[in-house]
1. How much of the accessible area of the chain, in percent, comes from carbon and sulfur atoms when a 1.4 Å probe is used?
2. Using each residue's phi in the range 26-34, evaluate 6.51 cos²θ - 1.76 cosθ + 1.60 at θ = phi - 60° and report the 3J(HN,Hα) Karplus result to the nearest Hz, with x for Gly and Pro.
3. Which residue, Ile128, Ile60, Val31, has the largest displacement toward the positive end of the dipole of the range 30-176 when charges sit on each Cβ (Lys, Arg +1; Asp, Glu -1)?
4. Heavy-atom accessible area per residue, the chain, 1.4 Å probe: how many Å²?
5. Can you show me the helix-derived [θ] at 222 nm for the chain, built from DSSP H runs with n ≥ 4 at -39,500 (n - 2.57) apiece and divided by the number of residues, rounded to the nearest 500.
6. Among Ala152, Gly142, Ala179, which residue has its Cα positioned farthest towards the positive end of the charge dipole of the chain, with +1 placed on the Cβ of Lys and Arg, -1 on the Cβ of Asp and Glu, and the dipole taken about the Cα centre?
7. Suppose R0 equals 35 Å. What FRET efficiency, 1/(1 + (r/R0)^6) with r the Cβ-Cβ distance, do Asn69 and Lys198 give to the nearest 0.05?
8. What accessible area, in Å² to the nearest ten, does a 1.4 Å probe give for Val31?
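The values are calculated or read from the model by the stated rules, or taken from the named source; none is laboratory data. Bear in mind the structure is a predicted one, so any value in this text is a computation, not a measurement. No Cβ is skipped: glycine too gets one built from the backbone with ideal geometry, and neighbour counts run over all protein chains shown. Heavy atoms of the whole protein, side chains included, go into the accessibility calculation; ligands, DNA and RNA do not. Shrake-Rupley method; radii C 1.70, N 1.55, O 1.52, S 1.80 Å.
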Amino acid sequence: MQNKKKILKKYNFILLDLDGVIFDSKNNMRVSWNLCKKKFGLSQSFNDYFKYLGLPFNKILDNLEIKKNRDKIKNYYQKVSKKNLNKIIIYKTVKNTLIKFKKKKIKFSIVTSKNKKRSIMLLKKHKIRPFSIHCSSKSKPGKPSPFLLNEAIKRNKAKINETCFVGDTYIDYTAAKNAKVDFIYAKYGYGDKKFNYKKIISSFKKLEEYIR
């Protein structure tokens with residue numbers, strides 16, 4: 001007797017992280033951090049920085065125990081990152097899959113630790129139009145807090161049991177868990193593969209299996 005095909009839960013509101021899910025921005029981050037390292041005489045390597053990816057920038061600086069010139073480092077990082085936007089590549093199949101979202105009237109929003117101004121600029125460059133964009137700020141705690149996810153759900157009048165968050169790090173998973181929404185792990189991104197996630201996609205196109 002043949003095994004029955006596993007029936008996947010379907011969603012009509014998709015929350016998406018940016019880095020490692022929609023965009024491959026590792027080269028941009030490497031250039032930006034190494035320029036900060038050189039300008040401010042930092043000892044922390046890009047690998048040190050990268051392992052905290054997913055946290056708001058100030059939290060990364062906390063974990064790296066960087067206490068001096070924090071605002072200057074943040075502003076300079078954002079400046080050089082913006083200057084090198086061409087080093088950020090959109091993953092294959094993203095645009096085609098988002099077209100299918102639109103045809104099936106599936107809403108999607110962005111939840112990211114990236115600066116809002118750069119996020120909007122990047123999305124406009126690639127003609128991606130989410131229903132809303134949610135970024136951390138001084139008044140809005142970033143992941144792993146559920147604040148931004150809850151804000152997106154409320155603004156779009158979505159139901160928690162019909163919502164999922166697609167991310168590529170354990171921090172994303174924790175944010176989803178804290179918001180009580182399902183998590184889909186993008187294993188093609190930057191996260192640690194050792195965690196046993198229940199829902200996994202190997203490419204952005206695989207998200208099509210989870211929409212109604």
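1. 50 percent
2. So the J values, rounded to whole Hz, are 4, 5, 4, 5, 4, 4, 5, 5, 5.
3. Of the candidates, Ile128 comes out farthest on the positive side.
4. Averaged over the residues of the chain, the accessible area is 58 Å².
5. Taking each H run of at least 4 residues, the total per residue is -11000 deg cm²/dmol.
6. Value computed over the given set: Ala152.
7. The calculated FRET efficiency here is 0.25.
8. We get 50 Å² for Val31.
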